[in-house]
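This report concerns only the one structure given below.
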Amino acid sequence: MLVIGSYNELVVERKVDFGFYLNPKEDEVLLPIKYAPEGLAPGDTIRVFVYTDSEDRPVATTLPPLAVVGDFVCLEVKDVQPFGAFLEWGLEKDLFLPKSEMQDQVKPGDKVVVKACLDKSTNRVYATAKITLHTDKDLEELSQGEMVDLLIYGITTLGTKAIINDRYTGILYQNETFRDLAVGEKTVGYIQRIKEDGKIDLLLKKPGYDSVSDSATGILERLEKEGGFIPINDKSAPDAIKERFSMSKKEFKRTIGGLYKKRLIRITDTGITLTDPSEEAPQADHAPSPWDAAMKKHAK
């Protein structure tokens, strides 16, 4: 049985001038000659993608589509009509996004994240941009702190919306996201919390102290790149820290505290400085750094 909108392993039944018919007569599909590999012959098995042509007839191709039914994918808008838009699909036929399945107005050249779906009444593959209506609501397989794959599909004033593991949706809040993200971008994130209403909050960095190692590496690399000194410290404005290091002030303070304890940096009134590995460790009678004073004050 043919599976429309997906890959099929089919047997070549017969050859004609314009291509090859795959599958028995009652369920046959044409593979046009231009898509047939050299040497293909009756009796061979071939993997093809099956979809419907402009007359709703099933047709096979060896071209790889940019999405099969069930996939979430970011596609470019090629053309817009009053009844919908046509998206680049990697095939001769474009993927149709009906007007009723649009989330926002689009124009040629736009990038839009959609899910490839199958209309079972017509066997037509179509796209929908109504992401939340087509994602899994059973969250039992997710856990707090878990690393997940993200596909960015929307950006709002509240935050950035993402598809999680091609199954769920969540949000990266603007005040907890410290780098620019774009629609269609793929990245890795973490589950911050799963709310009782089923909504998922995300982070780009692992929650808690586990994220410090990555943050510390970033700070050290930035220090080396800028000659060993950066005029930013724990007293600097949050916006200045975000612009320079793409992290919150809280994470920055926690990270430089760890680097200071490992004697990898110095924290002064003017900024942070890489230490010289050849220098001797500071003696107890040396003047305390601003970080020492802050830690003592906090301990009290």
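Please treat every number below as a calculation from the coordinates, not as lab data. Here the structure is a predicted model, which is why all the values come from computation and not from measurement. Note that each Cβ is placed from the backbone with ideal geometry, even for glycine, and that neighbours are counted across all protein chains shown.
Arrange the following residues from fewest to most other Cβ atoms within 10 Å of their Cβ: ILE232, ILE163. Intermediate results must be reported in sequence, preceding the final value.
Details: ILE232 20, ILE163 25.
Ascending number of Cβ neighbours within 10 Å: ILE232, ILE163.
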Quick one: P(r) of segment 140-204 from all Cα-Cα pairs, 5 Å bins, percents rounded to integers, in order of increasing distance.
4, 19, 36, 26, 12, 3, 0
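Within 15 Å, Cβ to Cβ, of ASN8, how many net charges do the neighbouring residues add up to if Lys/Arg are +1 and Asp/Glu are -1?
Working: positive: ARG47; negative: GLU9, GLU13, ASP27, GLU28, ASP44.
Overall, the nearby charge balance is -4.
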Hz values of 3J(HN,Hα) by residue in segment 153-166 - Karplus curve (6.51, -1.76, 1.60), Gly and Pro given as x:
10, x, 10, 10, 5, 6, x, 10, 8, 9, 8, 9, 6, 6
Based on other C-beta atoms within 10 Å, arrange GLU55, GLU9 from fewest to most.
GLU55, GLU9
Fewest to most Cβ atoms within 10 Å: LEU63, LEU172 sort as LEU63, LEU172
I want to make sure I understand the PRE zone here: with the label point 7 angstrom from the Cα of ASP119 toward its beta carbon, which residues in segment 49-83 have backbone N atoms less than 14 Å away?
52-57, 83
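Cβ neighbours within 10 Å, averaged per peptide: list 102-108, 18-24 in order, most packed at the top. Please report the intermediate quantities before stating the final value.
On the way: 102-108: 12.9, 18-24: 17.6.
Order by mean packing, descending: 18-24, 102-108.
Is it possible to state the helix-based mean residue ellipticity at 222 nm for the chain, with each DSSP H run of 4+ residues giving -39500 (n - 2.57), the sum divided by total residues, to the nearest 500 deg cm²/dmol? What is it? Walk me through the numbers before you get to the answer.
On the way: 4 runs with 45 residues, N = 300.
Taking each H run of at least 4 residues, the total per residue is -4500 deg cm²/dmol.
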Please list, in order along segment 114-130, the HN-Hα scalar couplings obtained from phi with the Karplus expression 6.51 cos²θ - 1.76 cosθ + 1.60 (θ = phi - 60°), rounded to whole Hz, x for Gly and Pro.
9, 10, 7, 10, 10, 7, 5, 6, 10, 6, 8, 8, 9, 10, 10, 9, 8
Could you grab the Rg to Rh ratio for segment 84-123? Cα atoms only, Kirkwood for Rh.
0.95
Separation between the ARG14 and ASP138 pseudo-spin-labels, each 7 Å from Cα along Cα→Cβ, expressed in nm?
4.5 nm
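Nearest 20 debye, what's the magnitude of the dipole of the chain about its Cα centre given +1 on Lys and Arg Cβ and -1 on Asp and Glu Cβ? Intermediate values should be presented prior to the final figure.
Working: 41 positive and 49 negative charges, 261 e Å.
The dipole magnitude comes to about 1260 debye.
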Provide the per-residue ³J(HN,Hα) series for segment 169-181, in order, calculated from phi with Karplus coefficients 6.51, -1.76, 1.60 and θ = phi - 60°, each as a whole number of Hz, with x at glycine and proline positions.
10, x, 9, 9, 5, 4, 6, 10, 10, 10, 8, 6, 10
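Inverting the mean 1/r over all pairs of different Cα atoms, compute the Kirkwood radius of segment 50-167 and quote it in Å. If you can, show how the numbers build up before the last one.
Details: mean 1/r = 0.0648 Å⁻¹.
Hydrodynamic radius (Kirkwood, Cα only) of segment 50-167 equals 15.4 Å.
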Calculated semi-axes √(5λ) of the Cα gyration tensor in Å (choose from (1) 55, 21, 17; (2) 27, 26, 17; (3) 34, 23, 17), label:
(1)
